[in-house]
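Novice: Mind looking over this structure? Questions follow.
Just so it is clear, none of the values below were taken in a lab; they were calculated from the coordinates. Model, not experiment: these values are computed from the prediction. Because the Cβ atoms are built from the backbone with ideal geometry, glycine has one as well, and the counts that use them run over all protein chains shown.
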Amino acid sequence: MAAENGEDITVAVAQKNASEVTEETGSYPKDLSYGVYDCDPSSVDPNGTIISGIEQKPRIVLMGLRRSGKSSIQKVVFHKMSPNETLFLESTNKVVKEDISNSSFVQFHIWDFPGQIDFFDPTFDSENIFGGCGALIFVIDAQDDYMEALERLRHTVTRAYKINPRINFEVFIHKVDGLSEDYKMDTQRDIHQRATDDLYDAGFEQVHLSFHLTSIYDHSIFEAFSKVVQKLIPQLPTLENLLNIFISNSAIEKAFLFDVVSKIYIATDSSPVDMQSYELCCDMIDVVIDVSCIYGLMSGDELAPAFDRHSQASIRLNNGTVLHLREVNRFLALVCILRDDAMEKQGMIDYNFTMFRAGIQKVFEVRKSQNRKMAAISFTNENGEAAHC
Ligand SMILES: Nc1nc2c(ncn2[C@@H]2O[C@H](COP(=O)(O)OP(=O)(O)OP(=O)(O)O)[C@@H](O)[C@H]2O)c(=O)[nH]1
């Protein structure tokens, strides 16, 4: 098989029942998600049990001027829409609320707001919208004049901050595919400077904005979304720590923990992320799923998932690098980049991976039991009477 850059690669995909499968670890149950974000009395019963289906998930709000690209981002990242198809998307004229949780580990609600939303409209319930918001993504079209967008950004951020100072404010400087490298950097610097100056002048110098250069035509939008989602995962430092321990003991150069469906990485080790490595790992997931769909399913088994507990693959590039993928649970895959010679110690990698996987399972079990306890406490005060959060 030939890679885009002309490198020859060999693909070895271990499928169901393949003899190379070294250990049987089983998949985690679906409810080992990253947990309840805010304690909402309506989402737990008086016994403290989280009522399935209405579990409170982090909310991500997408805002920005009309045609800035909000709906396209959502469709490309979570619905596998091809970027060219977004040309035919109609303008959104009401809030579109979506629950991203059907088949993925990355679970949250995403609210896509129409471009010209009027904050003074009595139907715009700021308290409710910003009150339960985990991240506010403000999309700015970098190919357009952005002065109006900056004005709207200041207005949105100040209003949201007054209601909920815990919101993570993320600015997507979007559609940068049309800009040269130099112009991209200049635009980012300019937008950064103006946005922070505006907030300073408005007396909100304590508000922190994060900036991301994005485009739906490359992996930058997935990378930016990964960073947004990671901030909403309370267990992130533990996951990073586990990854650090795993790679340093297995002679691995870089490891990403991916949500397979969205290709968002929910954690990586502490070495810097370079876009090329991230793109390679994303492409590897596509290859594994495609090969699994074609050759991995047994006849009469068409409805079986392409990604399951036996999924693992190694792709050897001709520059001495190997990409190695392992299933962690039904939704998560570990994708590692390592040197060819490190693969000689496959037994050690397998053993460390089993430990890593068990560690991850424990992290989510602890989180789950903590959530249950919190929910129970919120329903009984010290006199044993029913109380509210
Ligand atoms: N070049 C380029 N065009 C993009 C990008 N993202 C979105 N677009 C285009 O921008 C246009 C507007 O996209 P939408 O997603 O409808 O914008 P929106 O912000 O949801 O618009 P409203 O619903 O009116 O608020 C579409 O034609 C998209 O194809 C990008 O990264 N690069």
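Novice: Please arrange Arg316, Arg159, Arg166 by how many other C-beta atoms lie within 10 Å of their C-beta, fewest to most.
Specialist: Lowest count first: Arg166, Arg159, Arg316.
Novice: Okay, next question. Considering only Cα-Cα distances, which of the following residue pairs are longer than 28 Å: Lys80/Lys175; Lys231/Lys345; Lys231/Lys254; Lys184/Lys263?
Specialist: Long pairs (Cα-Cα over 28 Å): Lys231/Lys345.
Novice: Apply 1/(1 + (r/R0)^6) to the Cβ-Cβ distance of Tyr200 and Tyr295, taking R0 = 51 Å, and write down the FRET efficiency to the nearest 0.05.
Specialist: Rounded to the nearest 0.05, the efficiency is 0.30.
Novice: Using alpha carbon coordinates only, what is the Rg to Rh ratio of the range 59-230, with Rh defined as the Kirkwood radius?
Specialist: 0.93
Novice: Arrange Phe172, Phe78 by Cβ neighbour counts within 10 Å, fewest through most, would you?
Specialist: Phe78, Phe172
Novice: Please go through the range 191-286 and write out the GluC sites (Glu not before Pro) that DSSP classes as loop and that have at most 15 other C-beta atoms within 10 Å.
Specialist: Glu205
Novice: Under a point spin-label approximation (7 Å from Cα along Cα-to-Cβ), what is the Asn241-Lys162 distance to one decimal in nm?
Specialist: 4.0
Novice: Are there trypsin sites (Lys or Arg not before Pro) in the range 180-257 that DSSP marks as loop and that have at most 10 other Cβ atoms within 10 Å, and which are they?
Specialist: none
Novice: May I ask you to compute the full-extension gain from Glu90 to Asp218, defined as 0.36 nm times their residue separation minus their alpha-carbon distance, rounded to one decimal in nm?
Specialist: Stretched fully, the Glu90-Asp218 segment lengthens by 43.9 nm.
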